[in-house]
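Since the structure comes first, as structure tokens, the remarks are kept for the end.
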Amino acid sequence: GEFFVSNNKEAILQDASRVASLTSQVADVSGNEATWEFFRSGIEFAGGQSIIIVTNSEGEVIASPKNLSGVNLQKIDKNFIKSALDGNTVVQLYQKGGVFAEQTLVAIVPVQKYDMSTKEIRFLGASIALKPMPQVRYIQNRLVAIIFAAQVIAWIIAFIVSFIITRQIIKPLKRMR
């Protein structure tokens, strides 16, 4: 279980980082609404295996998948992305209730841009990657089921082979007796 959780933590962190990088690049042409619309339409593809939400610096959602369910977007506020405001990346497991309808693995990566004129890093928003734990547990449970089935098959084969070998050994002994 820990392997699956840590593996998914790395995956959603990569997805959130990739989208944060794309968002900061799109922000360069922020006056171009067609670019933002193209970005919003491709957010599901850019997120890889994760559900991606992009917020601006005020915590308003600027891009999210069209069929987003189980997430209360109205509850995503500055408190939720406070660590991103400070420039920190966070990956953690959020419990059911509040923002998420079920236990969810979340990676929050700040979207930042280096301002050449002021020589400062500006906070533009946050890239939030989500993966509900039932998805993670589903893969884990499928793997356990496959291993269990393989173990049962191995026991059956071992029983049959040992039965045949035992008969082969006992047959000459019976004849000798």
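The values are calculated or read from the model by the stated rules, or taken from the named source; none is laboratory data. Bear in mind the structure is a predicted one, so any value in this text is a computation, not a measurement. Virtual Cβ from ideal backbone geometry, glycine too; neighbours counted across all protein chains shown. To get the accessible areas, we keep the full protein, side chains included, count just its heavy atoms, and leave off ligands, DNA and RNA. Shrake-Rupley method; radii C 1.70, N 1.55, O 1.52, S 1.80 Å.
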With every protein chain kept in place and a 1.4 Å probe, segment 127-177 has an accessible area per residue in Å² of 84 Å²
Most to least packed among 143-156, 3-16 [average Cβ atoms within 10 Å]: 3-16, 143-156
Please work out how much length the chain gains when fully extended from residue 157 to residue 142, using 0.36 nm per residue of separation minus the C-alpha to C-alpha distance, in nm with one decimal. 3.1 nm
Cross-link partners of residue 82 among lysines (Cα-Cα below 29 Å; sequence separation of 8 or more within a chain): 9, 66, 96, 113, 119, 131
Contour excess over end-to-end distance, with Cα ends at residue 49 and residue 123 and 0.36 nm allotted per residue: 24.1 nm
How do 163-170, 129-136 rank on mean C-beta neighbours within 10 Å, highest first? 129-136, 163-170
